[in-house]
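Comments concern the structure below.
The values are calculated or read from the model by the stated rules, or taken from the named source; none is laboratory data. Small disclaimer: the values here were computed from a predicted structure and weren't measured. Here the Cβ positions follow ideal geometry from the backbone for every residue, glycine too, while neighbour counts run over all protein chains shown. SASA here: full protein model, heavy atoms, side chains in, ligands and nucleic acids out. Shrake-Rupley method; radii C 1.70, N 1.55, O 1.52, S 1.80 Å.
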Amino acid sequence: MDNSSEDSSQQQQTESSVKDDQRVYFVPYRWWKEAQDSAPSDGKSATLYAVAPAPSYGAMKLINNIFSPDIAFNLRREEESLSQSQENGEVGVSGRDYALVPGDMWLQALKWHSNSKVAAKNGKSFSATDEDIADVYPLQLRLSVSRETSSLGVRISKKDNTVECFRRAYKIFSVDTEPSRIWDLSGQTALFFSNENNNMIKDSQKQSEQDLLLELQVYGLSDSVKNKAKKDEMSVPYLNGSSLLMNGSGSGITSNLTRSSSSSFSGGSCEAGTLGLTGLQNLGNTCFMNSALQCLAHTPKLVDYFLGDYKREINHDNPLGMKGEIASGFGDLLKKLWAPGASPVAPRTFKVKLSHFAPQFSGFNQHDSQEVLAFLLDGLHEDLNRVKDKPYVEAKDGDDRPDEEIADEYWNYHLARNDSIIVDVCQGQYRSTLVCPVCKKVSITFDPFMYLSLPLPSTSMRSMTLTVIKSGSDLQISTFTITVPKDGKLEDLIRALSTACSLESDETLLVAEIYNNRIIRYLEEPADSLSLIRDGDRLVAYRLHKGTEGAPLVMFTHQQIDEHYIYGKLTSNWKAFGIPLAAHGRVLKGSDVCSLYLQLLVPFLVQNRAQTDEHNFDRSSTEVCTETEPDDKRVNGFPVSIAEENAAEHLDMEFHFYLSDDKAIAKGAEIVMNEPLQSTDIPGRLNVLVNWSPKMVEKYNTSLFSSLPEVFKFGFFGKRPQDSVSLYKCLEAFLKEEPLGPEDMWFCPGCKEHRQATKKLDLWRLSEILVIHLKRFSYSRFIKNKLETYVDFPTHDLDLSSYMAYKDGKSSYRYMLYAISNHYGSMGGGHYTAFVHQGADRWYDFDDSHVSPISKDKIKTSAAYVLFYRRVEET
């Protein structure tokens with residue numbers, strides 16, 4: 001074929017592809033008008049909009065600019081028609097007039113401008129060049145119909161667009177500088193004001209609160225900052241009705257059209273794209289589905305299969321299938337993702353089909369990418385099952401036959417009922433061995449698997465920070481950070497903390513949780529799980545002496561007056577402050593309580609060196625605590641009794657003591673110094689609430705016993721120390737022998753009873769595509785948790801040969817990573833993305849509609865959730 005024929009073919013294919021283009025192009029009005037002036041009018045009507053700032057006034061405008069960096073403006077519909085404006089000569093004069101045109105009109109204008117240049121050079125016929133296509137970039141707009149029927153609210157968000165596209169949009173729509181107008185010749189905006197608007201909103205599953213997404217293809221407004229690739233790296237074949245062989249030479253591709261390749265793509269960037277690098281729009285919390293779909297859409301063999309004539313294998317009559325709807329929906333979506341020059345695809349039709357057959361995925365709640373992946377693999381298999389009539393097969397007993405024979409028998413039974421592309425590519429087989437703990441009966445079965453769900457070994461440790469208070473006349477407050485097993489018990493914490501604080505043999509630790517400066521619970525059960533202690537909790541360990549029988553533990557909670565204004569009126573109330581203090585002491589009367597308390601406060605006295613008068617408060621109050629007889633008995637370093645009259649003299653108006661319950665709520669009247677204490681409801685423990693006068697707050701440095709750190713606190717820019725485990729360790733944990741849980745009892749054919757047997761799994765047969773699910777989410781009766789463990793997984797050489805229970809001598813057991821489904825954030829929320837390998841060492845980040853290159857050394861993160869490997873044949 002000569003060059004002119006090739007040019008003609010390329011031109012016809014380009015025009016054909018654009019004629020079918022339903023996209024809306026945003027172009028400079030003057031550029032479009034120049035092409036229209038030389039051609040007869042097609043009679044299309046246009047709607048004029050004036051671009052106006054979004055309504056916000058005064059301080060509200062400043063707040064919006066700070067906290068809502070999105071571009072927001074209104075499109076106010078004007079009554080003036082296109083012909084009237086042309087008669088007035090006011091169209092396109094300012095340079096800030098723009099037009100919305102459909103694909104065919106854009107092509108015609110592009111052709112006119114190209115021909116005018118070619119005519120001057122006497123050159124070739126029209127063809128959309130690489131530069132023309134590369135100058136088109138997508139821009140996502142969110143539209144909402146205003147209460148006024150003549151205006152549209154427009155918002156351009158950073159979340160929907162790349163940084164570069166958002167920067168360009170800011171230059172175009174900076175309405176505060178110069179007014180601009182937009183002429184809509186596509187008719188798209190008129191739909192929002194039509195009677196069909198309500199139906200459109202109902203049909204749109206993309207947005208909530210009646211937000212609709214409109215994607216524009218911006219042309220002629222770039223700043224010409226483009227990445228130029230080398231000539232031999234620029235061409236990427238178009239798909240022309242033939243299969244793109246991902247694992248072959250690509251000989252099935254007949255079209256020779258090329259597109260420029262750059263470092264960013266149509267899926268979410270401002271530059272031209274390549275095949276397979278197309279994003280999926282987020283329809284509202286559908287990132288979990290997008291992540292799984294992108295991994296499947298880049299799975300070798302599956303791509304070849306679905307880009308070919310897969311529909312001839314759809315099994316419409318399979319009662320276990322979805323009447324072919326899932327297979328056809330996935331196939332149609334995959335073709336769109338691999339179409340040349342595709343912009344981000346909105347998978348609405350596929351989402352509707354998915355929700356119909358799997359109602360758990362309906363609505364717009366966040367779900368699990370692994371769960372939707374498992375459903376898709378099973379659904380695709382049943383829709384494409386080549387077996388029309390499944391025979392009934394019954395597995396025979398092993399009868400001491402060789403495992404190889406039994407395994408082949410089980411596999412053939414499986415293939416007799418299940419035969420599809422999914423079985424061919426994604427299914428393997430493992431051996432399951434059960435042993436009865438009573439009669440030692442051994443049961444061996446061989447079961448198929450679609451993916452491996454690997455546990456993350458709980459060998460990781462946890463850092464915890466606690467405050468230790470040593471009671472006595474030399475009261476000390478210290479902070480210790482210890483390391484304990486994540487799945488440890490309270491006794492592990494006590495043991496580690498005892499070592500850290502050098503606990504004496506005659507001492508013990510009492511751990512309590514503090515909330516709002518009050519003790520809310522004591523941690524006294526050694527077998528309690530440490531998982532009950534959260535990172536945000538605040539714990540105190542009281543270091544107490546043993547052998548204090550007859551001397552109850554007195555717990556002091558402090559209160560002071562808190563004054564604040566409510567509706568302009570000064571109000572005051574008692575508010576707890578500081579860390580509760582504790583000490584053993586023989587307290588018989590009120591004076592014993594206050595004396596014990598004063599001794600605890602001695603280290604916090606403010607020493608005023610300038611006052612030397614022996615009658616100053618500091619000295620006199622100290623004398624109350626220290627003037628005792630030399631032979632007085634002491635407990636925990638405190639005197640057993642103290643002169644009552646001195647205590648009453650100095651404390652009568654300074655401290656007020658009340659017996660309280662275990663929640664530090666006062667019960668009964670104030671404690672009287674010279675009267676016996678009432679009996680306590682808690683044996684061996686006395687709770688006392690102490691009200692401080694303002695004068696006493698000044699005499700003591702309360703800040704010294706007010707700081708209480710959290711068990712674990714993330715730094716402002718810091719992260720939790722990351723646990724690490726290798727993928728091989730996860731596999732070993734999956735394969736190790738372990739007893740069945742009480743809820744999974746096995747009926748032993750020997751004992752004829754349910755037994756808690758031991759179970760052992762072994763890999764027997766591996767599939768060409770190996771999907772590995774990392775079990776990051778754990779559930780218990782009270783707690784839901786996500787493990788942020790960093791799993792170190794191989795990218796090029798996953799060697800499973802040493803984990804195989806059987807080798808046939810033909811298959812390879814080496815695998816290469818080609819896709820990752822990632823989950824960022826916590827349970828019940830977060831965000832899913834996908835990393836996909838695209839030849840050589842090129843990896844790409846698929847973040848919903850945005851697709852961008854990512855360095856190979858950045859694909860291994862603690863967000864990795866599902867790993868996709870393909871077999872590498874031995875050389």
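Consider R495 carefully, then state whether it is free of Cβ contacts under 8 Å to residues at least 12 places away in the same chain and either of a type in the set (V, I, T) or on the phi < 0 side of the Ramachandran plot (or both).
So R495 fits the description; yes.
Kindly indicate the residue of the stretch 835-854 that is acidic (D, E) and part of a strand (DSSP E or B) and also surrounded by the fewest Cβ atoms within 10 Å (Cβ to Cβ) among those meeting that condition.
Per the criteria, the residue is D845.
May I ask you to say which residue of K760, K775 is of a type in the set (K, R) and out of contact with any Lys or Arg (no Cβ under 9 Å at 6 or more places or on another chain)?
Only one candidate qualifies: K775.
Could you check, for the stretch 485-500, whether at least one of its residues is within 22 Å of L601 (Cβ to Cβ) and touching a Leu at 6+ places or on another chain (Cβ under 9 Å)?
no
Identify all residues within the stretch 511-536 that are within 20 Å of I469 (Cα to Cα) and either surrounded by 16 or more Cβ atoms within 10 Å (Cβ to Cβ) or among the hydroxyl-bearing types (S, T, Y) (or both); write none if there are none.
Passing the criteria: V511, A512, E513, I514, Y515, N517, R518, I519, Y522, L523, I533.
(1) under 30 Å from A342 (Cα atoms); (2) at pLDDT 90 or above: which one isn't true of Q838, the others all being true?
In the conditions (1) under 30 Å from A342 (Cα atoms); (2) at pLDDT 90 or above, Q838 misses (2) alone.
Mind checking whether some residue in the stretch 126-135 is open to solvent by 40 Å² or more (accessible area, probe 1.4 Å), more than 39 Å from the chain's Cα centre (by Cα) and at pLDDT 70 or above?
no
Output the number of the condition that P448 fails; it satisfies all remaining conditions of (1) closer than 22 Å to L766 by Cα; (2) open to solvent by 70 Å² or more (accessible area, probe 1.4 Å).
That leaves (2) as the condition not met.
Output the residues belonging to the stretch 571-589 that are surrounded by fewer than 22 Cβ atoms within 10 Å (Cβ to Cβ) and more than 19 Å from L704 (Cβ to Cβ).
T571, S572, N573, W574, R586, L588, K589
Would you say V791 is crowded, with 21+ Cβ neighbours inside 10 Å, within 22 Å of the chain's Cα centre (by Cα) and closer than 22 Å to L761 by Cβ?
yes
So if I check each of S157, S204, S180, S194, which one is within 24 Å of R77 (Cβ to Cβ) and modelled with pLDDT of 80 or more?
On inspection, the qualifying residue turns out to be S157.
Can you tell me which residues in the stretch 857-875 are among the basic types (K, R), over 17 Å from V791 (Cβ atoms) and open to solvent by 50 Å² or more (accessible area, probe 1.4 Å)?
R870
Is there a residue in the stretch 486-494 that is within 25 Å of K663 (Cβ to Cβ) and in a loop (DSSP other than H, G, I, E, B)?
Looking for residues that are within 25 Å of K663 (Cβ to Cβ) and in a loop (DSSP other than H, G, I, E, B), one finds none in the stretch 486-494, hence no.
For the stretch 350-386, how many residues meet the condition of being β-branched (V, I, T) and at pLDDT 90 or above?
1
Can you find, within the stretch 664-693, the residue that is modelled with the highest pLDDT among those that are within 26 Å of N573 (Cα to Cα) and loosely packed, with under 11 Cβ neighbours inside 10 Å?
A669
Within the stretch 459-475, identify whether any single residue is open to solvent by 30 Å² or more (accessible area, probe 1.4 Å), part of a strand (DSSP E or B) and polar (S, T, N, Q), and answer yes or no.
yes
Which count do you get for residues in the stretch 760-804 that are at pLDDT below 90 and hydrophobic (A, V, I, L, M, F, W, C)?
4
Which condition breaks for S529 when tested against (1) out of contact with any Ser or Thr (no Cβ under 6 Å at 6 or more places or on another chain); (2) farther than 18 Å from L659 by Cβ; (3) modelled with pLDDT under 85?
(3)
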